[in-house]
Structure formats: C-alpha cells, structure tokens
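The values are calculated or read from the model by the stated rules, or taken from the named source; none is laboratory data. Worth saying up front: this structure is predicted, and the values here are computed from it rather than measured. Neighbour counts run over all protein chains shown; Cβ positions are idealised from the backbone, glycine included.
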Amino acid sequence: MESEERDICSFLDALAGQFVSAREIARRAGGKWRFQEDPNWPAPALLRLIDSGIVKSDSAGRYSLVRSSKNRALRRWVSPQIRKILEQSGKDFGPAVEPDDPEEPKQG
C-alpha cells in the first residue's frame with residue numbers, strides 16, 4: 001500500500017462508515033498544499049483501493065472504508081472476572097463479542 005492509499009484509508013477510518021466525496025478526501029487527507037497543487041490526486045489511489053476491496057463507493061460517487069467482520073470479532077472482555085463485575089453493576093457498556101472459545105480456568 002502506497003503512502004497516498006494509507007493517507008486515504010486513515011482519513012476514512014476516522015469517519016467510521018460515513019461516505020465522503022473525492023473532493024473532501026483530496027482536501028482533508030492530503031493537506032492544504034497537496035490539494036492546491038493537484039485537486040485530483042486521490043483518484044488513482046481510490047481506484048486501486050476499490051479494486052482491492054478496501055474502499056467502497058456509493059451511487060453518488062462518495063467513498064467509505066469497508067469494515068471487515070474480522071475487526072469486530074476481535075473485541076472481547078479483558079477477563080471473565082471484569083465481565084462479571086461490570087455485569088453486576090447494572091450499567092450498559094455496549095455490545096461485547098464473546099470469544100469463539102472461552103477460556104476456562106485450568107484446574108490442575
């Protein structure tokens with residue numbers, strides 16, 4: 001991944017699922033001077049990112065970062081004890097993903 005593609009991905013990652021126009025990406029991801037020199041600089045990088053499946057485009061020509069289910073599956077509780085304490089508090093701390101194979105304390 002080239003530096004232009006990394007700049008675009010980090011900018012889109014900060015917007016978390018929002019669709020953004022190519023002009024806005026050019027203005028905010030590359031900086032003021034880069035936009036003034038060439039306002040169409042992100043076009044080739046956006047095409048490469050779309051081809052590789054990292055970025056998606058809507059019908060209005062705006063772009064968003066594709067969220068993979070892999071990133072969501074990595075969220076889990078730090079430990080079963082902390083989970084128990086937080087659940088007993090009665091407060092809602094948002095959705096949490098159960099690990100695929102919960103670790104049971106080994107008795108030996």
* Taking segment 45-57 as the search range and keeping residues that are without any contact (Cβ under 8 Å) to a residue 40 or more places away in the chain and over 17 Å from the mean Cα position of the chain (by Cα), which one is surrounded by the most Cβ atoms within 10 Å (Cβ to Cβ)? -> LEU47
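Answer yes if at least one residue in segment 53-63 is part of a helix (DSSP H, G or I) and either at pLDDT 90 or above or hydroxyl-bearing (Ser, Thr, Tyr) (or both), and no otherwise. Write out each step before concluding.
The initial filter retains those residues of segment 53-63 that are part of a helix (DSSP H, G or I), namely none.
Looking through segment 53-63, none of the residues is part of a helix (DSSP H, G or I) and either at pLDDT 90 or above or hydroxyl-bearing (Ser, Thr, Tyr) (or both).
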* Top-ranked residue of segment 75-92 - restricted to ones that are surrounded by fewer than 10 Cβ atoms within 10 Å (Cβ to Cβ) and assigned to a loop (DSSP other than H, G, I, E, B), ranked as modelled with the lowest pLDDT -> ASP92
* To do: Kindly provide the set of residues from segment 11-21 that are surrounded by 11 or more Cβ atoms within 10 Å (Cβ to Cβ), more than 16 Å from LEU47 (Cα to Cα) and among the small types (Gly, Ala, Ser), ordered by number.
  => ALA14
